[in-house]
Amino acid sequence: MNLSGNTVLITGGSSGIGLALAKKFITLQNHVIITGRDKSKLERIKTEIGNIEIFHGDLANEEIVVALADYIRLNHNSANVLINNAAVQYNYSFEHEESVTRAIDYEIATNLQAPIKLTALLLPTLLKNSQSAIVNVSSGLFLAPKKTASVYCATKAALHSFSKTLRYQLETSPVKVFEIIPPLVDTPMTAGRGKSKITGDQLVEEFIANFKNNRYESFIGKTKLLKVMHRIAPSIADRIMKHGL
């Protein structure tokens, strides 16, 4: 993949992994559009960075997903890189929580439905442009889930499966399908959780090298070890990851 001269849409780009990706692609001379739920945060980023475009909206809302796709088609017909990064994680027990259906709906809508629907809506645009790519940000937890984030882990496992099957479907097209499989990254979503986190910048440096060389699955940091462990001794991997790192 070319690292420069792209038009890149990054969902969930106002913090964490998404913002780190946005900053890196800007330094590589790309036009970058980010989305986010917090309008004031997006506007602050726009002021600080300058050469970045923002789109405000909650992608758990299907109308916002459609509006975003329309905005890209109308204003950025040359868009050739879609990075599905936006995600939420809630920790709860089905046994002990009485009202979790809203949380379930929101996680599934944000983590799974939005990237699938946005991919479907923007694929005609991506297919028209050369050097196009779809990048889905999943999680090492699709290999070995943790007890407290059942729905989150399920959505990331589904996103991993979607990435693989989409890659099969598009293998003769100009659109390449990438997946980032992060370990625990120091982001607002992981605040107060786990230890031995890597930074968003560390993740991005590993991914960019793989992106350049068309390595479609980017196991980042400790997820490389988790992948090997899961292949050799899956029960041990499950036991280690059950309570999170």
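Read-outs: derived from the displayed coordinates by stated rules, not from any lab. Please read all numbers here as calculations on a predicted model, not as lab measurements. In this analysis, Cβ positions are derived from the backbone assuming ideal geometry, glycine residues included, and neighbour counts consider all displayed protein chains.
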Self-check item: Largest-first principal axis extents, alpha carbons of the stretch 61-174, Å
Solution: 50, 29, 16
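If you take the alpha carbon radius of gyration of the chain and divide it by 2.2 N^0.38 Å, what ratio comes out, to two decimals?
Working: Rg = 17.3 Å, N = 245, 2.2 N^0.38 = 17.8 Å.
Cα Rg divided by the expected 2.2 N^0.38 Å: 0.97.
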Practice problem: State which entries of Lys24/Lys242; Lys176/Lys224; Lys46/Lys212 exceed 31 angstrom in Cα-Cα distance in the structure shown. | Solution: Lys24/Lys242
Quiz item: Hey, how much of the P(r) for the stretch 50-108 falls beyond 13 Å, as a percent of Cα pairs?
Solution: 73 percent
Exercise. As a check on your grasp of the helix formula, calculate [θ] at 222 nm for the chain: sum -39500 (n - 2.57) over DSSP H runs of n ≥ 4, divide by the residue count, round to the nearest 500.
Key: -14000 deg cm²/dmol
Quiz item: Quick one: length gained pulling Asn129 to Val100 fully straight, 0.36 nm per residue minus the C-alpha distance?
Solution: 6.2 nm
Quiz item: Which residues in the stretch 120-138 have a backbone N closer than 16 Å to a point placed 7 Å from the Cα of Asn2 along the Cα-to-Cβ line?
Solution: 126-134
Quiz prompt | Computed FRET value (nearest 0.05) for Ile240 with Arg215, which takes r as the C-beta separation and R₀ as 35 Å | solution = 0.85
Quiz prompt | Kirkwood hydrodynamic radius of the stretch 125-231, Cα pairs, Å | solution = 14.7 Å
Quiz item: What residues have an amide H closer than 5 Å to that of Gly244, excluding those fewer than 5 places away on the same chain, when H is modeled at 1.01 Å from N in the peptide plane?
Solution: Lys147
